[in-house]
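Here's the structure, in structure tokens; my notes come after.
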Amino acid sequence: MNALMLLIPLALFLGGLALAFFLYTLRSRQYDDLDGAASRILFDDERPRR
Amino acid sequence: MRGLGLDAVYARMTAAAGTLRPQGPPAFAAAPLARDLGNGAHELELMVSGLTCGACVWLLEQALGNEPDVTRARANLSSRRLTLRWRGPAGRADEFVRLIARLGFRPAPWSPACLRAEEDAEQRELVRALGIAGFGAMNVMLVSVAVWAGSDMGEATRALMHWLAMLFALPTVLVAGMPFYKGAWRGLRAGRPTMDLAVSLGVLLTTAMSVSETLRNADYTWFDGATALLALLLVGRVLDRAARRRARQAAAGLLALQEGTVTRLEADGAARPVPPEAVAAGERILVAAGETVRLDGVLEGEEEAVLDLAATTGESLPRHCPPGEAVPAGGVNLGQPFTLRVTAAAKDGSLAATARLLERAEGARGRTVALADRAAGLYVPVVHAVSLATFLGWWLLGGVTWQAALVPAVAALIITCPCGLAIAVPAVQVVAAGALFRRGVLLASPDALERLAQADHAVLDKTGTLTEGRPELLPGGAAAADDLALAASLAAASRHPLARALRRACPDAPAATGVREHPGLGLERDGVRLGSARFLGLGPDAADGAASGAADPALTLWLARPGHAPVAFRFADRLPADTAAVVARLGALGLESELLSGDGAPAVRAVAEASGIRDWRAAAGPEDKAARIAALVALGRRPLMVGDGVNDAAALALAHVSVAPDGATDLAQTAADIVLRGGRLAALPGAIALARRARRLARQNLGFSLVYNLVAVPVAVAGLATPPIAAAVMASSSLIVILNALRAGHADAEAMP
């Protein structure tokens, strides 16, 4: 019972963290171009910044 | 362009997208579209057609990013949207658009239709709901599994677990179920029960029953079932939505290519770009070289104009229009710029008339009811009737309390959850559409896949579909290699189809400077002449003597230089080598092919014989084509129409399923359900086989769901189902259905013999 008192809030906290992170990725439009994201990982050089 | 390290990319791009086509000048003025961001910065959004692979994205972003003052160049591969930001005047937009065109893409203004297709608020809401439902379901399941496993659990601990599950489940059901509740409410107000209503009822009833069970401190609650059901159904919704969104984007992209501006000559002599809709009859517009004529008009001035009317009439050779002649919209100016007095505003013009014809045809084609909707229509009432009967049976006949009677009734409802229906078909469609996309087959309407699978008759247009629709130099003429090189260097100055064919035949010849073009006749430089026999002053006899055999004079070019006998180059509209094989494979799939062309009988017969088509009709106008399709439909056939011209558009819209190559006219592409990238028919038989396999798998999945329910429902009705059993049934059936759907992408072995 004591273990539960610790573990349940812990599980909740971690799960909530993941949910918040997911909502952040959704809000920053990371799912808008799934096809492009698949190839973008192959672009090895950063474009020179000006 | 060199110096960006792009050579390797070109190799990859050419491999991925076929050939790089140099495109004409942009057909629209981009500068007015640039948005002022303040501080002298501007932003431009474009739809970039031809953006088909990761390497294209890289190339585009690199090339634009290396332009001075560009602060942001970001391309979206899914929607083909390009966002460009730069510091400097708005006028640079045109420069960027030209650069994009030079790289081989087709830029177009980012139209509101594109925006609507991409800015899919509903999709984002669904994904958010899925995330929340997934989170809720996982946590509820965690607690529930503890209850199921802990047989020695104390009563107080179990109660705590149930309350915890309720704590998670109530907000999850409330928030993540919103898309379904909204849909159900919309359906109710419209007076028809929908799938959403069934889902909402199931989820809300299960939750309510579980709350009551928690308060009663019963052995089991069903919160896990309700949340897992929501999560699984949302997966199906998201998949379905993604497939539709892709189709909508393809359609919106095609529409955007049609838009553009025309150059209006104002009373004060200035030339201003305006949208075609803004031009009234009687005003004058300037048509630049290479520009598409967007409005009907009468040619003004002294010079004759050379127009490529392949898109509107199907003629493969340019037409020479003398001053004063009516020029239809849709032609491409191959010669000098000319002035046109507009005779009809855009909405009354010939293009609009064709578009209206198209709309009528679209309306006439009965929408096929999608397989999943048909199944849902049968399925939902039965499930609800069974559930209600279970409740009444236990309560009235079984003699238990109404709360206890609710448990088996809701168990029946949740065990027969329409997961099979909700996931089975969309998953198959997403996998199949993805596999087709990778082969260059673009589905432009959501139900194209189902209709493609049903096709049993193929109607093919000749020009641009079976043949390449452009003349190619015939080998083995009388011309020597240096004649060809000289002719090709002269031909670089002209956009005439025969001149371009010469360039293709000898691409390395340096482009000659100082070439004078005599429209309709030929080219001249320092006494060297390239053109028709008439231009070179050759009589018909001399022409016959030089050209071995009777060549079509319209498909022959002559080269004359001082001190040499004239040399002839002969051209023909060639049939790709694999055409006969494609027709044979269509036949093997049970599709009888027929040829329907606007060309004359001899040309059509020759193509039909070469490609192995027995049934052909020549000299068919747009009405004849549409009538032939309508006749086939009346006979109960399901014709597949392949065509690329404006004259095919009505027939395309009437056909059960229609296909256009991507080099087709915009109108034909808009009318088509399916667009073939690379313009090759070779992908078509494979696409049909894949569509059929997808249909078979979707049916298997539906059948599988049915069998599952036949076993599970009696168990639930008998009151034997517990939440662990329901969870196992739900998860395993969904998994099996999804795994089965994944096989839709692996049709290569049988589709590509």
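The values are calculated or read from the model by the stated rules, or taken from the named source; none is laboratory data. The structure presented is a predicted model; accordingly, all values stated were derived computationally and were not measured. With ideal geometry, Cβ positions are generated from the backbone for all residues, glycine too; neighbour counts draw on all protein chains shown.
Tabulated values for the structure
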{"quantity": "Some residue of segment B:94-117 being in the same structural domain as B:LEU230 (by TED's automatic domain parsing), in a helix (DSSP H, G or I) and among the β-branched types (Val, Ile, Thr)", "calculated": "no"}
{"quantity": "B:ALA433 outside the structural domain of B:VAL633 (by TED's automatic domain parsing) and modelled with pLDDT of 80 or more", "calculated": "yes"}
{"quantity": "The lone exception for B:LEU51 - which of (1) part of a loop (DSSP other than H, G, I, E, B); (2) at the interface with chain A (Cβ under 8 Å from one of its Cβ atoms) it fails", "calculated": "(2)"}
{"quantity": "Positions within segment B:56-77 being more than 9 Å from every other protein chain (Cβ to nearest Cβ), buried (at least 20 other Cβ atoms within 10 Å of the Cβ) and either touching a His at 6+ places or on another chain (Cβ under 6 Å) or free of Cβ contacts under 8 Å to residues at least 40 places away in the same chain (or both), in sequence order", "calculated": "B:LEU64"}
{"quantity": "Filtered residues of segment B:637-662 (kept if assigned to a loop (DSSP other than H, G, I, E, B) and either touching a Lys or Arg at 6+ places or on another chain (Cβ under 9 Å) or basic (Lys, Arg) (or both))", "calculated": "B:ARG637, B:ARG638, B:GLY643, B:ALA655, B:HIS656, B:ASP662"}
{"quantity": "From B:ALA41, B:ALA73, B:ALA11, B:ALA27, residue being modelled with pLDDT under 75 and more than 26 Å from B:GLU291 (Cβ to Cβ)", "calculated": "B:ALA11"}
{"quantity": "The one condition in (1) within 24 Å of B:LEU234 (Cα to Cα); (2) buried (at least 22 other Cβ atoms within 10 Å of the Cβ); (3) at pLDDT 85 or above that B:ALA117 fails to fulfil", "calculated": "(3)"}
{"quantity": "Qualifying positions in segment B:43-83 - hydrophobic (A, V, I, L, M, F, W, C) and more than 16 Å from A:GLY36 (Cβ to Cβ)", "calculated": "B:LEU44, B:ALA63, B:VAL70"}
{"quantity": "Residues that are in contact with a Gly (Cβ under 8 Å, 6 or more places away or on another chain), surrounded by fewer than 19 Cβ atoms within 10 Å (Cβ to Cβ) and more than 9 Å from chain A (Cβ to nearest Cβ), drawn from segment B:121-159", "calculated": "B:ARG158"}
{"quantity": "Residue list for segment A:26-37, restricted to those being within 16 Å of the chain's Cα centre (by Cα) and either under 17 Å from B:ALA435 (Cα atoms) or more than 7 Å from chain B (Cβ to nearest Cβ) (or both)", "calculated": "A:ARG27, A:SER28, A:ARG29, A:GLN30, A:LEU34, A:ALA37"}
{"quantity": "B:ALA243 part of a helix (DSSP H, G or I) and at pLDDT below 75", "calculated": "yes"}
{"quantity": "Failed condition for B:LEU392, given (1) within 30 Å of B:ASN217 (Cα to Cα); (2) modelled with pLDDT under 80", "calculated": "(2)"}
{"quantity": "Any strands (runs of 3 or more DSSP E) falling wholly within segment B:563-636 and containing at least 1 residues that are of a type in the set (Lys, Arg), in contact (Cβ under 8 Å) with a residue 12 or more places away in the chain and under 19 Å from B:ALA651 (Cβ atoms)", "calculated": "B:615-617"}
{"quantity": "Whichever residue in segment B:169-205 is among the small types (Gly, Ala, Ser) and touching a residue at least 40 places away in the same chain (Cβ under 8 Å) and, among such residues, is surrounded by the most Cβ atoms within 10 Å (Cβ to Cβ)", "calculated": "B:ALA169"}
{"quantity": "Selection status of B:ALA533, modelled with pLDDT under 75 and either among the charged types (D, E, K, R) or not assigned by TED's automatic domain parsing to the domain that holds B:MET641 (or both)", "calculated": "no"}
{"quantity": "Residue in segment B:561-579 that is out of contact with any strand residue (DSSP E or B) (no Cβ under 9 Å at 6 or more places or on another chain) and either surrounded by 20 or more Cβ atoms within 10 Å (Cβ to Cβ) or more than 30 Å from B:LEU484 (Cα to Cα) (or both) present", "calculated": "yes"}
{"quantity": "Residue check for A:ASP45: at the interface with chain B (Cβ under 7 Å from one of its Cβ atoms) and either modelled with pLDDT under 80 or in a loop (DSSP other than H, G, I, E, B) (or both)", "calculated": "no"}
{"quantity": "Breaking point among (1) outside any helix (DSSP H, G or I); (2) of a type outside the set (Lys, Arg); (3) touching a residue at least 24 places away in the same chain (Cβ under 8 Å), for B:LEU697", "calculated": "(1)"}
{"quantity": "Filtered residues of segment B:703-729 (kept if under 35 Å from the mean Cα position of the chain (by Cα) and surrounded by 21 or more Cβ atoms within 10 Å (Cβ to Cβ))", "calculated": "B:SER705"}
{"quantity": "Members of segment B:78-91 found to be surrounded by 16 or more Cβ atoms within 10 Å (Cβ to Cβ) and touching a helix residue (DSSP H, G or I) at 6+ places or on another chain (Cβ under 8 Å), listed by number", "calculated": "B:SER78, B:SER79, B:ARG80, B:ARG81, B:LEU82, B:LEU84, B:TRP86, B:ALA90"}
{"quantity": "Per-region count, segment B:730-743, residues surrounded by 20 or more Cβ atoms within 10 Å (Cβ to Cβ) and either acidic (Asp, Glu) or modelled with pLDDT of 80 or more (or both)", "calculated": "5"}
{"quantity": "Residues of segment A:12-22 satisfying the condition of being within 9 Å of another protein chain (Cβ to nearest Cβ) and exposed (fewer than 15 other Cβ atoms within 10 Å of the Cβ)", "calculated": "A:GLY16, A:ALA18"}
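To keep it simple, each residue is scored yes or no on (1) at pLDDT 85 or above; (2) in contact with a Leu (Cβ under 8 Å, 6 or more places away or on another chain); (3) under 28 Å from B:ALA242 (Cβ atoms).
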position: B:LEU33; (1), (2), (3): no, yes, no
position: B:MET47; (1), (2), (3): no, yes, yes
position: B:GLY50; (1), (2), (3): no, no, yes
position: B:PHE96; (1), (2), (3): yes, yes, no
position: B:ALA108; (1), (2), (3): no, yes, yes
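Each row is one residue, and each column tells you yes or no for (1) exposed (fewer than 13 other Cβ atoms within 10 Å of the Cβ); (2) more than 39 Å from the chain's Cα centre (by Cα); (3) modelled with pLDDT of 65 or more.
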residue: B:LEU351; (1), (2), (3): no, no, yes
residue: B:ALA361; (1), (2), (3): no, no, no
residue: B:ALA376; (1), (2), (3): no, no, yes
residue: B:LEU397; (1), (2), (3): yes, yes, yes
